[in-house]
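Okay, so here's the structure we're looking at.
The values are calculated or read from the model by the stated rules, or taken from the named source; none is laboratory data. Values in this document were obtained by computation on a predicted structure and should not be read as measured data. Every residue, glycine among them, receives a Cβ derived from its backbone with ideal geometry; neighbour counts consider all protein chains shown.
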């Protein structure tokens, strides 16, 4: 009788281990699916909440145009001040602020320039366009475009 009880106990323990293992495995699978589902929903919500301008500003054509624009500014207007208040003239191509506002039909260039300068420890009062990198100019351009009344175009 004793060997039968021992065998029965071993079977019970083995069965219990099998059931617990299976339940942990299934529970892990369910949690993985829930996590993936939450991540997908979060990403979908972020993508759906973006404006048309934000989507356009991330497009290859906008990035290429902005990059070309930044390169031209660095090569042709490197000595101009960043802010209009430090320019000798106060219109047209007198400062980065005027140029960016004009190109994007906006008026938020000053705030975008100041934010980039603060982030990169640049003195906006004394800095020139040539003190910025291509990427920094592109970031300012993108920010002003997204906040402007510039038409999207066709």
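Observations on the model:
- Options 132, 96; residue that is assigned by TED's automatic domain parsing to the domain that holds residue 63, buried (at least 20 other Cβ atoms within 10 Å of the Cβ) and touching a strand residue (DSSP E or B) at 6+ places or on another chain (Cβ under 9 Å): 96
- Residue in region 115-125 that is part of a helix (DSSP H, G or I), modelled with pLDDT of 95 or more and either within 17 Å of residue 58 (Cα to Cα) or touching a helix residue (DSSP H, G or I) at 6+ places or on another chain (Cβ under 6 Å) (or both) present: yes
- In the set (1) in contact with a helix residue (DSSP H, G or I) (Cβ under 6 Å, 6 or more places away or on another chain); (2) surrounded by fewer than 17 Cβ atoms within 10 Å (Cβ to Cβ), residue 142 fails one condition alone, (2).
- Only one entry of 59, 51, 77 meets the criterion of being surrounded by fewer than 18 Cβ atoms within 10 Å (Cβ to Cβ), touching a helix residue (DSSP H, G or I) at 6+ places or on another chain (Cβ under 8 Å) and at pLDDT below 85, and that entry is 51.
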